[in-house]
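To keep things clear, I will list the structure first and then write my remarks on it.
No value in this document is a laboratory result; all are computed from the given coordinates. As the structure is a prediction and not an experimental result, all values here were calculated from the model.
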Amino acid sequence: MAPALELPRSVLLALWLSAPGDPRRATLAVQGEDEPHVVRRGDDDVVPLVQWLTDSAAATEVGVALPVPGEPVAVPPPASGEATEAGECLLVARGDTTTVVVPRVERFGSDLEPGHLVRWTVVGVADWRPAAHAQVGSLEEAERALRDGLRQATEALVGLDVARWSADAADEIARVRDGALTPSRLPDRVEGQRLRVLTSAARLRAIVRLAARDDGGAVNLWQADQRATALREVDRVARRAMAAAATRLDRG
């Protein structure tokens, strides 16, 4: 059975903010199997995610950043460190008010029965939209970059003769290639191209995580480093495409 592909929590929340509807349904979709999420709006103001969605004015523009250390990030300094540590954040604009919402995830339980506590923190920031406009391309560009990035990485790995996986990883990767996003976790009527980009990016990131478990046949440190570089490039392209698919900016 093909596994369900996963999207970062910030991507899911951005999709639901871009398609206003029932806050309870949005909350259940974003939480998935997590414990109920909470949102810290101020020092002593912590509310359930469903209340934050209910109380908040409609977002006029929404963005997502999926940063890693060492890369430029479209997140203003007050929240950039937390966002990079989390590996993701939601960018929200309501008129002239701009905020960054960062999830802090605490894992508990065992590998067989894991659980997650999630607390979102809302940080008021300077306008993040100019940087997002500069860094986030169109869906067409994202889809093209996904194809090109995968092709270039595949060529690099084949050229190094290190595109081999362990038997277990190969089986898992084959299943991931057939994986799909869970419809109940997405808003209704996500456009076909947006859904296609999200699915392809989620699939590539899952493959990168699996491939990174072993050296793929590398016989020396140089080959291992080149293989890791190729995989990082695939992940970078996938993260950028995923952010583009979850971002809705006024490009007028």
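Within the chain, the proportion of C-alpha pairs whose separation exceeds 23 Å stands at 53%.
Under 1.5 on a/c is rounded, so check that first for the range 36-143, then, if it is not, pick prolate when a/b is larger than b/c and oblate when it is not; a ≥ b ≥ c are the square roots of the alpha carbon gyration tensor eigenvalues. Verdict is oblate for the range 36-143.
Backbone amide hydrogens, once placed in the peptide plane, bring Cys89 within less than 5 Å of Ala65, excluding anything fewer than 5 places away on its chain. Across the range 56-101 the C-alpha pair distances fall into 10 Å bins from zero in the proportions 29, 51, 19, 1 percent. Annotation: the range 6-89 has a Kirkwood hydrodynamic radius of 13.9 angstrom, from the mean reciprocal C-alpha pair distance. Across the range 131-145, computed HN-Hα scalar couplings (Karplus, 6.51 cos²θ - 1.76 cosθ + 1.60, θ = phi - 60°) run 5, 5, 4, 6, 9, 9, x, 7, 5, 4, 5, 5, 5, 5, 5 Hz from first to last residue, x flagging Gly and Pro.
With an 8 Å Cα cut-off and a minimum separation of 6 or more residues, compute the relative contact order for the range 1-101 in percent. Relative contact order, the range 1-101: 25 percent. Distances between placed amide hydrogens fall under 5 Å for Ala180 paired with Leu5, all partners being 5 or more residues away or on another chain. Per-residue 3J(HN,Hα) values for the range 31-48, derived from phi via the Karplus relation 6.51 cos²θ - 1.76 cosθ + 1.60 with θ = phi - 60°, read 5, x, 9, 5, 5, x, 6, 10, 10, 8, 8, x, 3, 10, 10, 10, 10, x Hz in sequence order (x marks Gly and Pro). Here the relative contact order of the chain, from alpha carbon pairs under 8 Å that lie six or more residues apart, stands at 26 percent. Close amide H pairs (under 5 Å, H built 1.01 Å from N) link Thr98 with Val125, residues at least 5 positions away or on another chain.
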